[in-house]
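Colleague: What follows is a single structure, and I will ask about it in a moment.
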Amino acid sequence: MAGETSWISHCDDDTRREIREFDSFLELGEEVDKEGTAVSVDIILPDELLERILAYLPIPSIFRAGCVCKRWYEIVTSGRFLWNPSHLLPQKPWYFMFTNSDEPTGYAYDPILRKWYGIELPCIETSNWFIASSYGLVCFMDNDSRSELCMCNPITKICRKLEEPPGLKFSDYSALAISANRESHIYTVAIVKSKQVPDNFFQWDISIHIYNSEKVTWVTTLSEVLMGWRGGDESVICNGVLYFLVYSTGGGPPESRHALIAYNISNRSSQASLRRSFIQVPCSLTCGRLMNLKEKLVMVGGIGKHDRPDIIKGIGIWVLHDRKWEEIVRMPHKYFQGFGEFDDVFASSGIDDIIYIQSYGSPALLTFDTSLKQWKWSQKCPVTKRFPLQLFTGFCFEPRLEIAP
């Protein structure tokens with residue numbers, strides 16, 4: 001199995017010392033074997049050391065290891081193994097790609113092994129649901145009725161339905177975000193609802209609803225009418241702050257079609273009005289995608305032409321520092337051409353150091369590693385285009401074994 005051969009290089013000093021000690025037993029075993037008696041490595045290794053060895057494997061290899069024998073299965077499914085994430089090898093975020101077919105089955109891409117795995121998502125019924133993820137948990141919300149919310153771990157398939165906030169299905173636009181605590185596993189779900197004021201296209205009622213998994217309750221924390229701006233479907237929670245994009249409903253310059261609003265979830269009492277929380281976007285955008293990369297807000301955006309802001313001329317990546325945007329990189333033209341230079345909107349999501357960018361019109365998936373400053377195409381996805389208007393979309397998530405909704 002790929003990845004297992006190099007596990008020793010990732011071990012700490014104590015583990016290497018224990019392995020060297022067991023090497024002497026192996027040498028003794030070889031001498032005994034000459035006399036016709038074999039000594040099994042599986043018998044020699046105690047559970048604690050075997051557990052530490054298996055923890056250095058990638059997630060797919062851990063699943064395969066559980067199929068080796070009953071002892072290995074009991075180890076990788078034990079509470080001690082799953083609830084000790086400090087022993088587990090850090091995992092790169094996976095990207096799940098699926099199409100707009102009736103059944104949202106698709107494939108998950110592992111950037112470490114550069115392989116696609118067929119996965120059937122639990123809970124979700126159609127491909128147009130809202131999706132948000134954080135630390136191994138994925139939240140789904142029905143886009144049509146907005147009356148069904150589900151939380152799940154796509155690796156373990158453990159699911160839980162959440163009670164929806166009151167009045168959710170009566171909104172015109174909704175944005176979904178989630179933040180899970182890595183230590184306590186308590187998670188927060190945020191929904192930004194946007195509803196047009198009757199008989200007034202320029203006024204929109206924006207409300208924010210927060211769910212806490214520890215209290216198991218929804219709280220409506222804010223409701224405010226904005227003039228000339230409406231909410232959309234793009235939001236993310238980063239370092240205790242809810243960020244969401246708003247869209248101009250007219251009356252302003254064409255290059256100011258988007259703006260960002262920052263809402264402090266952890267300290268709502270100090271929150272001023274939403275209008276005073278506006279942050280200008282770095283340039284004219286055809287679309288913007290928000291993501292949390294190590295508790296820093298990052299945006300991937302389609303850059304609009306100066307004279308035609310609705311026509312894309314490139315794709316940029318920015319990080320927000322104290323209400324000011326810093327450009328990380330722009331997609332090189334050779335990748336922009338291969339990506340689809342005529343698509344003014346696209347899917348993009350990221351976690352930790354990895355950003356995924358995908359065209360809606362094809363299964364091509366491009367990755368950017370922010371630590372290495374490296375662009376790379378993924379391996380070709382097995383999903384195929386079955387009809388001309390078929391669209392492709394996706395989201396990224398952390399493959400975790402120890403967290404459950």
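The values are calculated or read from the model by the stated rules, or taken from the named source; none is laboratory data. All figures in this text were calculated on a predicted structure; none of them were measured in a lab. Note: accessible area is taken over every heavy atom of the protein model, side chains too, but ligands, DNA and RNA are not part of it. Shrake-Rupley method; radii C 1.70, N 1.55, O 1.52, S 1.80 Å.
Colleague: Let me check against my output: what whole-number percent is the relative contact order of the range 116-246, with C-alpha pairs under 8 Å and at least 6 apart?
Modeller: Working: 285 pairs, mean separation 22.5, N = 131.
It comes to 17 percent, rounded to a whole number.
Colleague: Before I look further, what does the range 185-256 give for accessible area per residue, probe 1.4 Å, in whole square angstrom?
Modeller: Numbers: 3080 Å² over 72 residues.
Using a 1.4 Å probe on heavy atoms only, each residue of the range 185-256 averages 43 Å².
Colleague: On a 31 Å Cα-Cα criterion, which of the cross-link pairs LYS215/LYS376; LYS115/LYS193; LYS195/LYS376; LYS193/LYS294; LYS157/LYS373; LYS313/LYS380 come out too long? Kindly include the intermediate steps, with their values, before the conclusion.
Modeller: On the way: LYS215/LYS376 42 Å; LYS115/LYS193 37 Å; LYS195/LYS376 40 Å; LYS193/LYS294 26 Å; LYS157/LYS373 34 Å; LYS313/LYS380 25 Å.
Over 31 Å Cα-Cα: LYS215/LYS376; LYS115/LYS193; LYS195/LYS376; LYS157/LYS373.
Colleague: Kirkwood Rh over Cα pairs of the range 148-217 into Stokes-Einstein at 4 °C, 1.567 mPa s: D in µm²/s?
Modeller: Values: Rh = 13.7 Å.
Result for D is 94 µm²/s.
Colleague: If amide hydrogens are placed 1.01 Å from N in the peptide plane, which non-local residues have theirs closer than 5 Å to the one on LEU285?
Modeller: For LEU285, whose amide H was placed from the backbone, the distant partners under 5 Å are ARG257, HIS258, GLY304.
Colleague: May I ask you to give the percent of accessible area on the range 180-304 that is carbon plus sulfur, with a probe radius of 1.4 Å?
Modeller: Values: 2500 of 5320 Å².
Whole-percent figure for carbon plus sulfur exposure: 47.
Colleague: Leaving out ligands and nucleic acids, and using a 1.4 Å probe, what accessible area per residue does the range 277-405 come to in Å²?
Modeller: Solvent-accessible surface per residue comes out at 46 Å².
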